[in-house]
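The block underneath contains the structure these notes are about, expressed in structure tokens.
The values are calculated or read from the model by the stated rules, or taken from the named source; none is laboratory data. Computed from a predicted structure; not experimentally measured. As a convention, Cβ positions derive from the backbone with ideal geometry for all residues, glycine included, and neighbour counts pool all protein chains shown. To get the accessible areas, we keep the full protein, side chains included, count just its heavy atoms, and leave off ligands, DNA and RNA. Shrake-Rupley method; radii C 1.70, N 1.55, O 1.52, S 1.80 Å.
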Amino acid sequence: MQQTTIKVENISKIYKIYDNPKERFLEVIQKGKEYGKNHYALNDVSFEVKEGELLGIIGVNGSGKSTLLKIITGVLQPTSGKVTVNGKVSALLELGAGFNPEYTGVENIYFNGLVMGFSRKEMEEKVQGIIEFADIGEFINQPVKTYSSGMLVRLAYAVAVSIEPDILIVDEALAVGDVYFQMKSMSKMEELFRKGKTVIFVSHDTASVRKLCNTAIYLDKGKIIAKGTAKEVVDLYEKKAREVMSSSSKDMKKDSIKQITTDMFKHEADEAFVRNEKYEKLVEHSREGNGKAKVCNLELLSEEGEPLLIVDENRVGIIRISVIFYEDCQCSVGYHIRDEKNEQILGSNTVYEGIGEISGFSGDRIIIEFKTELPLKEGRYNIMTVLSTSVFLNRTVEFVDVTKDGMYFDVLEKKPYRIWNMVQLQNTVRIRKVSNEQ
């Protein structure tokens, strides 16, 4: 039976907020009279983390994620509630937290280790590995106050992960630093996961939460909105984000994106338009958007027009999307091919392909086909469709129709060799033997 390493029971954190500094002063001198209002950074939050669990915490800015981590690590005290932690905790919260700016990098490594309960001798065995992981050169012997933000996070992360904690808590740390360091950090995180360490990982990067975590919590305005598998929780979070994006885009100025109307397409009188009730039933539970147009059938076909449910090597596929317009509107039509963790691997849409948004009238029916290579490694994949209308600001879109989980296909293992990449394109290989003579 897995041991509970972290137990959070009915945690609330309340801050007093005032309209102006005068009210704060008046509340101090006028005993019994309250001017401030209570702001709940956290409101009655409860959950458990089991040994070896990889818990992701997601939510918009101001949802209480960082406050929760600070309470778990003891940096903050809750207004009410209780936290129980079993095991040695290493936390990477705010940039450079726990470092003395006057100490050198090496001195801070020893200092942090001693604070966590390691002896000087134990830290001497770890310090070289930490220095190599941080990879900040001669700056390791300089005071931390001279470090750039990139060097600071390198050192902080190296210390946090290299001391082999029972529980690792990371708050957005992987988003800082250069690409090479982020890749190295991700590999180190995955190594800790394989060793069965308990990890709490806070991030806005839902793809990382899906990839790294097996469970997740969705926080909003200090309350837990959802708890469950990382896939379920991230899907809900992304759905809410799309709803907010669509809602905020309604009054914005439309982008001047190229448009084509349905009457510009060649009319195929002899082609049967298929409305697939089975597909519509499969996607109904997760369908999103304003409903002005909807995908009513999705097919993956071979170049010969045959259904393609099993994909072998070097296969080209045709993604056929059937759309019905229920109101006059314009939208781009696109798709995403997603893996078993719903990470988006391949995709496109009519705007990206230079066609533009399609403007249709109520009752119009169209079929859009994307012909693409499928250079995927073995596994199961699903196809997500997106109909959306762009608006002017920050690439914001209003979603017309989003469907998921209605179309799956399998990619066979390419024996006798396994492909470890997410995608594998055919290469042209050139080999030359060069003379050893000088």
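Identify, please: which residue in the range 273-329 is among the aliphatic types (A, V, I, L, M) and in contact with a Pro (Cβ under 8 Å, 6 or more places away or on another chain) and is, among those, surrounded by the fewest Cβ atoms within 10 Å (Cβ to Cβ)?
301
Would you call residue 423 at pLDDT 80 or above, closer than 18 Å to residue 315 by Cβ, of a type outside the set (S, T, N, Q) and exposed (fewer than 14 other Cβ atoms within 10 Å of the Cβ)? Lay out the reasoning, then the answer.
Values: at pLDDT 80 or above: yes; closer than 18 Å to residue 315 by Cβ: yes; of a type outside the set (S, T, N, Q): yes; exposed (fewer than 14 other Cβ atoms within 10 Å of the Cβ): yes.
Yes, satisfied.
Restricted to the range 74-90, and to residues that are hydroxyl-bearing (Ser, Thr, Tyr) and touching a Lys or Arg at 6+ places or on another chain (Cβ under 6 Å), which residue is farthest from residue 115 (Cα to Cα)? Before the answer, list the steps.
Residues of the range 74-90 hydroxyl-bearing (Ser, Thr, Tyr): 79-80, 84, 90.
Restricting the remaining residues to those that are touching a Lys or Arg at 6+ places or on another chain (Cβ under 6 Å) gives 79, 84.
Numbers: 79: 26, 84: 19 Å.
Among them, the one singled out is 79.
Going through the range 11-33 one residue at a time, which ones are surrounded by 13 or more Cβ atoms within 10 Å (Cβ to Cβ), under 18 Å from residue 79 (Cα atoms) and either hydrophobic (A, V, I, L, M, F, W, C) or modelled with pLDDT of 85 or more (or both)?
Those that are surrounded by 13 or more Cβ atoms within 10 Å (Cβ to Cβ), under 18 Å from residue 79 (Cα atoms) and either hydrophobic (A, V, I, L, M, F, W, C) or modelled with pLDDT of 85 or more (or both): 11, 12, 13, 14.
Limited to the range 34-52, what total is found for residues that are at pLDDT 90 or above and acidic (Asp, Glu)? Spell out the reasoning first.
First, pick out the residues of the range 34-52 that are at pLDDT 90 or above: 40-50.
From what's left, acidic (Asp, Glu): 44, 48.
Matching residues across the range 34-52 total 2.
Considering the range 215-258 alone, what residues qualify as being surrounded by fewer than 13 Cβ atoms within 10 Å (Cβ to Cβ) and either at pLDDT 90 or above or touching a Gly at 6+ places or on another chain (Cβ under 9 Å) (or both)?
Scanning the range 215-258 gives a single hit, 258.
Here's the yes/no breakdown for (1) on the phi < 0 side of the Ramachandran plot; (2) open to solvent by 50 Å² or more (accessible area, probe 1.4 Å); (3) of a type in the set (A, V, I, L, M, F, W, C):
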residue: 35; (1), (2), (3): yes, yes, no
residue: 40; (1), (2), (3): yes, yes, no
residue: 59; (1), (2), (3): no, no, no
residue: 73; (1), (2), (3): yes, no, no
residue: 103; (1), (2), (3): yes, yes, no
residue: 111; (1), (2), (3): yes, yes, yes
residue: 121; (1), (2), (3): yes, yes, no
residue: 132; (1), (2), (3): yes, yes, no
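Tell me the residue from 361, 370 that is aromatic (Phe, Trp, Tyr), in contact with a strand residue (DSSP E or B) (Cβ under 7 Å, 6 or more places away or on another chain) and farther than 28 Å from residue 426 by Cα, please.
Values: 370 fails: farther than 28 Å from residue 426 by Cα.
Among 361, 370, only 361 is aromatic (Phe, Trp, Tyr), in contact with a strand residue (DSSP E or B) (Cβ under 7 Å, 6 or more places away or on another chain) and farther than 28 Å from residue 426 by Cα.
Can you name the condition, by its number, that residue 88 falls short on among (1) within 30 Å of residue 3 (Cβ to Cβ); (2) surrounded by 18 or more Cβ atoms within 10 Å (Cβ to Cβ); (3) touching a Pro at 6+ places or on another chain (Cβ under 6 Å); (4) of a type outside the set (Asp, Glu)?
The one condition residue 88 does not meet is (2).
In the range 192-209, which residue that is of a type in the set (Gly, Ala, Ser) and surrounded by fewer than 18 Cβ atoms within 10 Å (Cβ to Cβ) is modelled with the highest pLDDT?
So in the range 192-209, the residues of a type in the set (Gly, Ala, Ser) come out as 196, 203, 207-208.
Among the residues that remain, those that are also surrounded by fewer than 18 Cβ atoms within 10 Å (Cβ to Cβ) are: 196, 207.
Details: 196: 78, 207: 81.
Filtering first and then ranking leaves 207.
Give the range 212-239 a look and list any residue that's within 14 Å of the chain's Cα centre (by Cα), over 22 Å from residue 5 (Cα atoms) and not aliphatic (A, V, I, L, M), or say none.
Answer for the range 212-239, where residues must be within 14 Å of the chain's Cα centre (by Cα), over 22 Å from residue 5 (Cα atoms) and not aliphatic (A, V, I, L, M): 231, 232, 235, 237, 238, 239.
Any chance the range 363-375 includes a residue that's at pLDDT below 90, surrounded by fewer than 18 Cβ atoms within 10 Å (Cβ to Cβ) and of a type in the set (A, V, I, L, M)?
No; the residues of the range 363-375 include none that is at pLDDT below 90, surrounded by fewer than 18 Cβ atoms within 10 Å (Cβ to Cβ) and of a type in the set (A, V, I, L, M).
Which condition from (1) of a type in the set (Ser, Thr, Tyr); (2) in a strand (DSSP E or B); (3) closer than 24 Å to residue 98 by Cβ is the one that residue 66 breaks?
All conditions are met except number (2).
List the strands (runs of 3 or more DSSP E) inside the range 323-403, counting only whole elements, that have at least 1 residues being touching a Phe, Trp or Tyr at 6+ places or on another chain (Cβ under 6 Å) and of a type in the set (Val, Ile, Thr).
329-338, 379-390
Suppose the filter is open to solvent by 30 Å² or more (accessible area, probe 1.4 Å) and of a type in the set (A, V, I, L, M); does residue 189 pass it? It would help to see each step written out before you state the result.
Details: open to solvent by 30 Å² or more (accessible area, probe 1.4 Å): no; of a type in the set (A, V, I, L, M): yes.
No.
Hey, can you tell me all the residues within the range 80-111 that are outside any loop (DSSP other than H, G, I, E, B) and at pLDDT below 85? Give the derivation first.
Initial filter on the range 80-111 (outside any loop (DSSP other than H, G, I, E, B)): 80-85, 89-92, 104-111.
Result: 89, 90, 91, 92.
Regarding residue 344, is this residue open to solvent by 10 Å² or more (accessible area, probe 1.4 Å), at pLDDT below 90 and closer than 19 Å to residue 387 by Cβ?
Working: open to solvent by 10 Å² or more (accessible area, probe 1.4 Å): yes; at pLDDT below 90: yes; closer than 19 Å to residue 387 by Cβ: yes.
For residue 344, the condition - open to solvent by 10 Å² or more (accessible area, probe 1.4 Å), at pLDDT below 90 and closer than 19 Å to residue 387 by Cβ - is met.
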